[in-house]
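As structure tokens, the structure follows; a few thoughts come after it.
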Amino acid sequence: MSSNTIKVNKDDKFKKLSNIHPCLGGEAHTKYGRVHLPVSPTCNIQCKFCKRDCNEDEDRPGVANGILHPKDAVATVKKALELCPEITVVGIAGPGDTLATGYAIETFRLVHEAYPDLVECLSTNGLLLERYADDLYEAGVSTITVTVNAVDPKIQSQIISNVILDGKVYFGEEAAKILIDAQLRGIKKISELGVIVKVNTVLVPGINDKHIEETAKTVKEAGATLYNIIPLIPQHDLSHVPAPTCQQLDNARLEAEKYLEVFRHCKHCRADACGIPGKKDLSSLLYGKRNDLETFSHG
Ligand code: CLF
Ligand code: SF4
């Protein structure tokens, strides 16, 4: 198949999916919902702003009420659809990295068998995306978000502390380069399979705010279709960095828009969010207090 044919097919697929997927733009974000299945407990990199946690009160990525076992996923989706029939997307977004363990792929296989019409959506740091691209595709995943915070190792090394790959820990610019190369290879491979790739960038003032244009250009060349800029929540090792202002966010979006369509309705969901983004979150009704589930916390 020629690269032009792949592009036409992907444009077509993006158009169709953006009518029913709340995170791909269009009007779908006010009409349709997603349920996140928090099946991924651990991570293989350490972002300096990330404090993964389990609690009931905070609405931000990396937080979940507890960890769900893949065997409970289909029943959870059934209950989520009863609570919110507008749900069209089953997402897996943490609370750790979704490819650091095999639970996300196992879950997608089970959900796809039971609900082949639901869109399956994965969010990952991309370290292992190339390795598992075929498995994700075969499990029915059609949209993927990769968080790419920089494409220059000097900048990325100020955002991550380390990368763990095949049992070895890497630090500094070496770790940053391993991650960036893996992300770009992963985006290329999965987008060539016809999966729609959105890139998320956490905007960290003073570190990557002047680097958005280069990041957008590079991920577009790798195969990404959509871009989403998320403001830093100052915490953990980056608690001293102020959150970006509205002006800084707007500027970054304009820079990205030179290369890619920008999604502007992101609600910074928790790893166990449920419902239509921006409307009442139903995760406590879906997951309850989760006392019966194994919980996970980075403290
Ligand atoms: Fe979930 Fe993410 Fe899929 Fe959406 S969320 S895995 S792409 S189904 Fe959406 Fe939430 Fe923003 Fe993510 S509003 S944090 S962009
Ligand atoms: Fe946290 Fe995600 Fe970074 Fe892992 S990849 S450290 S879960 S933000």
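The values are calculated or read from the model by the stated rules, or taken from the named source; none is laboratory data. If you're wondering where the values come from, they're calculated on a predicted model, not measured in any experiment. Cβ sites come from the backbone with ideal geometry, for glycine too, and all protein chains shown count toward neighbours. SASA here: full protein model, heavy atoms, side chains in, ligands and nucleic acids out. Shrake-Rupley method; radii C 1.70, N 1.55, O 1.52, S 1.80 Å.
Annotations for the structure displayed:
- Amide hydrogen neighbours beyond the local backbone of G33, cut-off 5 Å, H modeled: I87, T88, V89
- Computed on the range 3-287, with alpha-carbon pairs under 8 angstrom and 6+ residues apart, the relative contact order is 24 percent.
- Modelled this way, with points 7 Å down the Cα-to-C-beta line, the labels at K258 and H69 are 5.2 nm from one another.
- Sum of -39500 (n - 2.57) over DSSP H runs of 4+, divided by residues of the chain (222 nm, nearest 500): -10500 deg cm²/dmol
- Computed on the Cα trace of the range 167-266, the radius of gyration divided by the Kirkwood hydrodynamic radius gives Rg/Rh = 0.99.
- Per residue accessible area in Å² of the chain, where ligands, DNA and RNA are left out and the probe is 1.4 Å: 44
- Computed Rg/Rh of the chain, alpha carbon atoms with Kirkwood Rh: 0.93
- Rounded to the nearest 20, the size of the Cβ-charge dipole of the chain about its Cα centre is 360 debye, with Lys and Arg at +1 and Asp and Glu at -1.
- Within the listed set L110, L226, L99, the residue fluctuating most in the Gaussian network model of the chain (springs between alpha-carbon atoms under 10 angstrom) is L110.
- For L165, nonlocal amide neighbours, meaning residues 5 or more places apart or on other chains whose placed amide H falls under 5 Å from its own, are Y170.
- GNM result for the chain, Cα springs below 10 Å: residue of I45, I187, I155 fluctuating most strongly: I155
- Based on the reciprocal of the average 1/r between different C-alpha atoms, the Kirkwood radius for the range 103-224 equals 14.9 Å.
- Considering only the range 3-287, percent of DSSP beta bridges that pair antiparallel, nearest 5: 25
- Environment charge of E130, counting only residues whose C-beta is closer than 9 Å and scoring Lys/Arg +1, Asp/Glu -1: +4
- Protection-proxy order for peptides 139-147, 119-127, 203-211, 165-173, each taking the mean of Cβ atoms within 10 Å per residue, highest first: 119-127, 139-147, 203-211, 165-173
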